[in-house]
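To keep things clear, I will list the structure first and then write my remarks on it.
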Amino acid sequence: MLKPNINYANLKDSYLFDNILQKSNEYLRKNPEAHLLRLGVGDVTLPLPEIVIKALHDAVDDQSKKETFHGYMYECGDPALREAIAVYYSNRGIKIDSDEVFISSGACDELADIIDLFDISSNALVMEPAYPSYVETNIIAGRKIVRMKSDEKNLFMPNPDKNTRADIIYICSPNNPTGVVFDFITLKKWVDFANENDSVIIFDAAYEAFIDSQDLPHSIFEIEGAKKCAIEICSLSKTAGFTGMRLGYTIVPKDIIRAKMSINEMWTRNRLSKTNGISYILQKGAMAVFSPEGQIQIKANLQVYKENSKVLNNALDKTKIWYTGGKNSPYIWLKCPGNMNSWEFFDYLLNNAQIVGTPGIGFGACADSFFRLSAFGNPEDTKEAAERLIGLLT
Ligand code: PLP
């Protein structure tokens, strides 16, 4: 008789965004005239840049003619796009070969698949609060998870602990949900730890494009030694508004060797088995993102979200609330005032300021006294939310 994967029974129900929606709808039912300001979900709100739209239209037209029609694409990605991404790195002083770049259907899919590379006896170290996929994909796989708590004492940027075994190490920077960007010194400690212990770092750089400060790393490969131990997972979702499009890329260096096996060759082999490539049309859209004009246009959109972050930071600076993030990141992570837990604060903000945010509990039990605000909303609503926050919390 078929035996299902019983690890699914170990997953907690994912009620977070459902609950947020239900509570918001219930509030609107009772207060139909209310203008809710939604700073909860981390989805982009601006349309795709013009140059990307044009590339997508052109690619659709290509598919209408025999001479330009494309069937199956390469499993690891269009060589031209892989090369364009290698150039994107080299423009930042990082040498990546194009066969170390893998085009994906987004960071989330990739986070789920990448753990195929590791034996089930390897454990996964997750620094909490964390993007839920790191924990959930490993629960489904039946892997042991080591949860490393972080808090305001270590500014949500923990150091490695030499007494804790960690085989697969997740680092998200800029971090979702805390908005914290790992600095060079801390990342170097993790890279050294990984190399000393034969671990592999999965570096989630989905929010890399939000970094403006010159003294913060965009990529783990800015750290000496990282090419021997780190895989970098990136996405055009937040960088270029591709959440509804689905395209990302992953860097798997050829220098990572574990048990005499090349992780890059294993990942190439994995892709040959598990995908038939990413759609021609989407890859054309992505090529436009990496063109000089594309970079200008995506930066104009990013600037809107960055201004939103500033507006929210300025508002919180006027209150006595402890917070982090919002600089070099689209997320602001604040401590719930008055000893409220994160759902209590959610209700308090909804009822008293008609602001919808995300309770910290959704990112790990240790985060229940924190709350996430997102800068992906529209600027008018964000400004209004800032006013209401000042009014309510000062
Ligand atoms: N990684 C982090 C930290 C995220 O916050 C998200 C999405 O919110 C993802 C990965 C998934 O991105 P994608 O849309 O590329 O699947």
- [ ] Compare the Cα positions of LEU282, ALA209, ILE223 along the charge dipole of the stretch 50-293 (+1 at Cβ of Lys, Arg; -1 at Cβ of Asp, Glu; about the Cα centre) and return the one farthest towards the positive end.
- [x] ILE223
Task: For PHE210, net neighbour charge (Lys/Arg +1, Asp/Glu -1) across residues whose Cβ lies under 14 Å away - done: +1
Open item on the list: Using a probe radius of 1.4 Å on heavy atoms only, what accessible surface per residue do you get for the stretch 50-293? Whole Å² is fine.
Closed with: 43 Å²
Open item on the list: Given a 10 angstrom Cα cut-off, can you work out which residue in ASP368, ASP61, ASP212 is the most mobile in a GNM of the chain?
Closed with: ASP61
Task: Approximate spin-label separation HIS70-LEU11, in nm, with each point projected 7 Å along Cα-to-Cβ - done: 3.2 nm
- [ ] For ASN19, put the label point 7 Å out on the Cα→Cβ axis and report which residues of the stretch 327-341 keep their amide N under 16 Å from it.
- [x] 336, 340-341
Open item on the list: With a 10 Å cut-off between alpha carbons and a GNM built on the chain, which of GLN354, GLN297, GLN214 moves the most?
Closed with: GLN214
TODO: Let me have the relative contact order for the stretch 50-293, percent, based on Cα pairs under 8 Å that are six or more residues apart.
DONE: 26 percent
TODO: For the stretch 286-377, take the alpha-carbon Rg, divide it by the Kirkwood Rh, and send me Rg/Rh.
DONE: 1.09
Open item on the list: Just want to confirm a number: the relative contact order over the stretch 309-394, from Cα pairs under 8 angstrom separated by 6+ residues, in percent.
Closed with: 35 percent
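How many percent of Cα pairs in the stretch 48-175 exceed 25 Å?
48 percent
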- [ ] Have a look at GLU33, GLU384, GLU222 and tell me which one the Gaussian network model of the chain (Cα, springs below 10 Å) gives the largest fluctuation.
- [x] GLU33
Task: Percent of beta bridges antiparallel (DSSP, the stretch 50-293, rounded to nearest 5) - done: 35 percent
Task: Charge dipole of the chain about the Cα centre (unit charges at C-beta), most positive-ward option of MET245, GLY106, SER369 - done: SER369
Task: In range of the label at SER98: residues from the stretch 267-302 whose backbone nitrogen is under 14 Å from the point 7 Å along Cα→Cβ - done: 287
Task: Size of charge dipole - the stretch 50-293 - debye, nearest 20, with Cβ of Lys, Arg +1 and Asp, Glu -1, no other charges - done: 500 debye
TODO: Assuming 0.692 mPa s and 37 °C, estimate D for the stretch 1-92 with Stokes-Einstein, Rh taken as the Kirkwood radius over Cα pairs, in µm²/s.
DONE: 168 µm²/s
- [ ] Please give every one of the lysines within straight-line cross-link reach of LYS383, meaning a C-alpha to C-alpha distance under 18 Å, and leave out same-chain neighbours fewer than 8 residues apart.
- [x] LYS306, LYS310, LYS318, LYS327
Open item on the list: Heavy atoms of the protein only, probe of 1.4 Å, neighbouring chains included. What is the accessible area of LEU2 in Å², nearest 10?
Closed with: 140 Å²
Open item on the list: Taking the alpha-carbon distance from LYS254 and a cut-off under 29 Å, which lysines remain once sequence neighbours fewer than 8 residues away in the same chain are dropped?
Closed with: LYS95, LYS144, LYS162, LYS188, LYS189, LYS227, LYS228, LYS238, LYS274, LYS284
Open item on the list: Given axes a ≥ b ≥ c from the Cα gyration tensor, I'd like to know whether the stretch 331-394 is rounded (a/c under 1.5), prolate (a/b larger than b/c) or oblate.
Closed with: oblate
TODO: Please quote Rg/Rh for the chain to two decimal places, taking the Kirkwood radius as Rh and restricting both calculations to Cα atoms.
DONE: 0.97
TODO: Rank these residues by their accessible area, most exposed first, probe 1.4 Å: CYS172, CYS366.
DONE: CYS366, CYS172
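Starting from the Cα gyration tensor of the stretch 111-251, take the square roots of the eigenvalues, sort them a ≥ b ≥ c, and report rounded, prolate or oblate (rounded when a/c is under 1.5, otherwise prolate if a/b is larger than b/c, else oblate).
It comes out rounded by the Cα gyration axes.
The values are calculated or read from the model by the stated rules, or taken from the named source; none is laboratory data. Just so it is clear, the model here is predicted, and its values are computed rather than measured. For neighbour counting, all protein chains shown are included, and Cβ atoms are generated from backbone atoms with ideal geometry for every residue, glycine included. The area values use the complete protein model at the heavy-atom level, side chains included, leaving out ligands, DNA and RNA. Shrake-Rupley method; radii C 1.70, N 1.55, O 1.52, S 1.80 Å.
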